[in-house]
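What follows is a short report on a single structure.
Values in this text are rule-based calculations from the coordinates and carry no lab data. All values reported here derive from a predicted model rather than from experimental measurement. Methodologically, a virtual Cβ is constructed for each residue, glycine included, from the backbone with ideal geometry; neighbour enumeration extends over all protein chains shown.
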Amino acid sequence: MNKELMEALDILEKEKEISKETLFEAIENSLITACKNHFGKSDNVKVEIDRKTCDFLCYAEKEVVEEVEDDCLQISLDDAQKQKSDAQIGDILNVEIKSKEFGRIATQNAKNVILQKIREEERSVIYNQYFEKEKDVVTGIVQRYVGKNISINLGKADGILNESEQVKGETFKPTERIKVYILEVKNTPKGPRILVSRTHPELVKRLFEAEVTEIKDGTVEIMSIAREAGSRTKMAVRSVNPNVDAVGACVGMNGDRVNSIVNELRGEKIDIINWDENPGNLIQNALSPAKIVAVFADPDEKTAKVVVPDYQLSLAIGKEGQNARLAARLTGYKIDIKSETQAKDAPGFRYEDYMDEYDEYEEGEYEEYEEYEGYEEAEDGDLE
């Protein structure tokens, strides 16, 4: 038994996760390559390795002839009968090749074949591991800045956080641990190239799936997400169990669940609303905490007209239009928001023609959103 070879294969299989069968094939190919370098050809060379003992045999298939014209392919009758007494002209005889007789160059080439195969398999294993994690969240360690990009160590490979996938204002220090979303895994000759993101909306979704048990087991479903990375995210959820409050499950007791995600996202505000199949109700929820007087949604055109009290207009639109913009992305509707005064002054305006009445929010609902979902304070005069 070749104990040294067996131990070496066991270590490679454990550390680099390369199968022994692949390593055996690499050794066989390396010996064939060595024979070709030593003898000039290897078409008739065979290599056999015992998978249990790691003992190997390298031999050449040679034809028994009276007069030898090619030593690599033929063997004389006298020499053949020394190995096999009943050998006859025309027989094919297996002649053992001593690997110790190989020259230095042939041996070095055989070594390079094995090393090259190990490198290729190692890259393949790493690629497959991270390809399975594509579109998922992993924890990485910040290594260094490469220009404006950041190199993130993901374990067995490095990921690249491009400038376009970084949240504006976020800065990282070397050795800092952060969570990133794997955008794409490419297989290149130099190994897998992994692109990661901190701005993708799916990052928020995956963080909630990891944090909220009800989402993980399917009781609560995330129906839609709209995100402006580093500032605010709106997320619509629904529960398949009438006894489970979808928003409450995501917020957690005293806001523990949502706050842990907010901390991971460096203070990014997260608004969680209830999903509704009725587009009018969904748009009303999406524009919260603003109170809505009336909504008319056109499912065919994917447009909606919304009327809010005069003092709620700036709250509904949000700072620099952010609240309305995220609500439009979340619902998929183009939303036109008007105050009551603007709506009444519009030509041909009639409530009864194109608006449905909605009940106002229950008392205290705005405070709940403010406490758990990170809403900004309303501008002066908005809540008077």
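A few remarks follow.
- Label point 7 Å beyond Cα of R266 along Cβ direction - residues of segment 191-212 with amide nitrogen under 12 Å: 198-199
- Pairwise label distance in nanometres, N278 with R119, each label 7 Å out on the Cα-Cβ vector: 6.6
- Checking the Cα-Cα distances for K46/K82; K135/K156; K168/K291; K98/K190 against a 25 Å cut-off, the pairs over it are K168/K291; K98/K190.
- Burial order of peptide ranges 266-272, 236-242, 171-177 (average beta-carbon count within 10 Å, highest first): 266-272, 236-242, 171-177
- As a calculated quantity, the FRET efficiency between D43 and T341 at R0 = 56 Å, using C-beta atoms, amounts to about 0.05.
- Volume per residue that the Cα convex hull of segment 137-197 spans, once the total is divided by residue count, Å³: 83
- For D271, residues with placed amide H under 5 Å, excluding near neighbours: T233, K234, M235
- Converting phi to 3J(HN,Hα) with the Karplus coefficients 6.51, -1.76 and 1.60 and the offset θ = phi - 60°, segment 257-272 yields 5, 5, 5, 5, 6, 4, 5, 4, 8, 6, x, 4, 6, 10, 9, 10 Hz in sequence order, with x at every glycine or proline.
- Leading residue at positive end of dipole, the chain (Cβ point charges), from I152, L5, A34: A34
- Counting all C-alpha pairs of segment 166-257, share separated by more than 16 Å (%): 64
- 3J(HN,Hα) couplings calculated from phi for segment 201-206 with the Karplus curve 6.51 cos²θ - 1.76 cosθ + 1.60 (θ = phi - 60°) are, in sequence order, x, 5, 4, 5, 4, 5 Hz; Gly and Pro show x.
- Sum of -39500 (n - 2.57) over DSSP H runs of 4+, divided by residues of the chain (222 nm, nearest 500): -10500 deg cm²/dmol
- Residue order, fewest to most surrounding Cβ atoms within 10 angstrom, among E170, E184: E184, E170
- Against the main long axis of the alpha-carbon atoms of the chain, helix 104-131 sits at an angle near 20°.
- Principal-axis tilt of helix 20-39 within the chain, Cα atoms, nearest 10 degrees: 40
- For segment 231-353: Kirkwood Rh in Å [reciprocal of mean 1/r, alpha carbons]: 15.6
- Among [x] 1.02; [y] 0.97; [z] 1.30, the entry derived from the coordinates for Rg/Rh (Cα atoms, Kirkwood Rh): [z]
- The chain - share of DSSP beta bridges that are antiparallel (%, nearest 5): 70
- Helix 322-331 vs. the chain, principal-axis angle (Cα, 0 to 90°, nearest 10): 60
- Proportion of all alpha-carbon pairs of segment 3-125 beyond 27 Å (%): 29
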